[in-house]
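Student: Quick one: structure below, then a few questions.
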Amino acid sequence: MKFAYKARTRDGKMVSGVAEVPGKQALIEMLGKQGAHLVVAREQSADNKAGGKKGGFFKPKVKSRDLVVFTRQLSTMVSAGVPLPRALVTLADQAENKYFKTVIGAVGKDIESGISLGEAFGKHTDVFSDVYVSMVRAGEAGGILDDILKRLAVQTEKDATIRKKIKGAMTYPMVILSITIMAFFGLMIFVIPKIGKILTDLGGPDAKLPVYTQALLGISNFSLDSSLVMHIVPIPNIVFMIGGMILGGIFFLKYIRTPKGKYKFHFVLLRIPVLKTIIVKVAISRFSRTFASLASAGVAVLDALAVTGGAIGNKVIQEELAEAAKQVQNGKPLSTAIGASKHFPPIVAQMLAVGEETGQIDTILIKVADFYDEEVDTVIDSLSSIIEPVMIVVLGSIVGLIAASVMGPIASLSQNIGDE
C-alpha cells in the first residue's frame, strides 16, 4: 500500500512524502524510527492518488447535506451504544447517493476487519476531508467520538450554508454576464453588419462616422472576416475568438489548480475590495470553528494548526498560519503568533489571549466563529443588494453605447440627405 503523508519531526518541522508500507500502523512505526510522528496520511491506489479523488470529469460526488445527515445519525447511534459495524450497515442501506452508499459499505467492512473508524475514513478523502478524519481520530483516542461527530455535523453544515450563500450571491451576476456576452456576439454577427450596410448606403463609402461607431463596425467586420486562416479554410474569426476564450478558460482553471497558480490566484482575490472582506471573514470563521473542535478533542496545538490551515480555503492565509505555527514552536503564545498575521484582525488575537488565560480556547473560538458567521451573512446580503443596480447600470450603459453608435449616425446622415 502506498501512502502520501505529512508528519512532524522532533524539532517541529513539517515533512511530507510518499511511502510504500503494508499498512497505516507500519507507516507510523517507520516514521517513529525516523524521529517523526504522523499528522495526516492518504492511501494511494490506481483510482485514488494522493488526494483520494476519483478520476474523470464526471466523478461521483457526495453533497454536504448527505454528509451532515450521515454524521448526525452516526453520532446518535454511537451515543445510543449501537456497534459501529451495525450502525454503518444501517446508514449504508438508507443512503440515497449510490456512491456514498458504496463508501459507507467499504468503511463498514474496514471496521469489521479491525481498522479504526478514522483510518477507514482516511481511505476516502474525496468524501471525508483531512479535518474530518483528524477529528474522528482524536475523538476515538479521547473516547468522545459521539461528541466529536456532533461538532463535525455542525461545522459541515455551517460551511455548506456559507458556500450556498456565496454561490447564491454570485449566480445573478454570472447569469447576466453570460447573457451580455452572448447578446454582444449576436449583435456583432447578425445585427451590426446590416446596420453597417445601411450606413454605407446612406452616406456612401466616404461617410464620416463617430469613433465609437467605427470601432463597433470594426469589431463586427473582424469577427466575420476569415483573414486569420484564409489560406487554409474560410472560417470566421469569431469562431477562433470563442475557441480561444474557451481554451484560455480551461488553461486558467488548470493553472489555478497547481500549488503556484492557486497561491497567486488567492493572492489576487485578497486584493479585490469586497471579495477580500468575504474571504477573510470566512477564513476566520473556519479557523475558529475547526481549531476549537480539534483543541476540544485534545489535538496538539501544532498539529491542529497544520490541519486547520488546509481547511481555511485560501493559500495565502494558510501560509500565515504556517508561520504562526513556527512562532508557537519557538515558544510564543498562539495569540501573539496570530496577532502578527496580516489578515487576522486584532480581536481574534485578543479573544485567543483570553482563552489562553482562562483555559477555554475552544469555547472562546466558537463565539468568534459565530460572530464572523453573522458578519459573512451581513456582507453577502449587502453584496446581493448592491449587485442588481450595478448590473442594471452596466447593461444600460452597453445598450446606450450601441444605440448611440447606431442611431446617431443614421439620424445625422438622414438629415444631411434631407438638406441636399
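No value in this document is a laboratory result; all are computed from the given coordinates. No experiment lies behind these values; they were computed from the predicted model shown. In this analysis, Cβ positions are derived from the backbone assuming ideal geometry, glycine residues included, and neighbour counts consider all displayed protein chains.
Student: Once the Cβ-Cβ distance between residue 326 and residue 254 is put in as r, and R0 is 30 Å, what FRET efficiency do you end up with, to the nearest 0.05?
Tutor: 0.40
Student: Further question: Taking the Cα centroid of region 150-212 and of region 299-377, what is the distance between the two, rounded to the nearest whole Å?
Tutor: 40 Å
Student: Now a separate question. With 10 angstrom as the radius, rank 288, 129 by how many other C-beta atoms surround their C-beta, starting from the fewest. Present the calculation step by step, with values, prior to reporting the outcome.
Tutor: On the way: 288 26, 129 20.
Arranged by neighbour count, lowest to highest, 288, 129 become 129, 288.
Student: Using a Förster radius of 51 Å, what is the FRET efficiency between residue 211 and residue 381 based on their Cβ-Cβ separation? Nearest 0.05, please. Kindly include the intermediate steps, with their values, before the conclusion.
Tutor: Values: r = 42 Å, r/R0 = 0.82.
Efficiency computed from Cβ-Cβ geometry: 0.75.
Student: Of 16, 382, 397, which is the most mobile in a GNM of the chain whose springs link Cα atoms less than 10 angstrom apart?
Tutor: With Cα springs under 10 Å in the chain, the top fluctuation among 16, 382, 397 is at 397.
Student: Related question: Figure the gain on full extension for residue 13 and residue 264 (residue separation times 0.36 nm, minus the Cα-Cα span) and round it to one decimal in nm. Walk me through the numbers before you get to the answer.
Tutor: Numbers: separation 251, 0.36 × 251 = 90.36 nm, distance 2.45 nm.
Roughly 87.9 nm would be gained on extension.
Student: So, in nm, how far is label residue 343 from label residue 241 when the simple model puts each one 7 Å beyond its Cα toward the Cβ?
Tutor: Spacing of the two 7 Å Cα→Cβ label points: 3.7 nm.
Student: Percent relative contact order of the chain, based on C-alpha pairs within less than 8 angstrom and at least six residues apart? Walk me through the numbers on the way to the answer.
Tutor: Details: 452 pairs, mean separation 55.1, N = 420.
Normalised by residue count, the contact order of the chain is 13 percent.
Student: Remind me, relative contact order of region 63-128 in percent, using alpha carbon pairs under 8 angstrom and six or more residues apart? Intermediate results must be reported in sequence, preceding the final value.
Tutor: Values: 40 pairs, mean separation 14.8, N = 66.
Reported relative contact order: 22 percent.
Student: Please report 42, 86 as a ranked list, fewest other C-beta atoms within 10 angstrom at the top and most at the bottom. Could the numbers behind the result be given before it?
Tutor: Working: 42 21, 86 12.
Ordered by Cβ neighbours within 10 Å, fewest first: 86, 42.
Student: For residue 224 and residue 29, what is the calculated FRET efficiency with R₀ set at 56 Å and r taken between the beta-carbons, to the nearest 0.05? Each step should come with its number before you reach the end.
Tutor: Numbers: r = 69 Å, r/R0 = 1.24.
FRET efficiency, residue 224 to residue 29: 0.20.
Student: In Å, what Rg and Dmax follow from the Cα atoms of the chain?
Tutor: Considering the chain through its Cα atoms, Rg and Dmax are 28.8, 99 Å.
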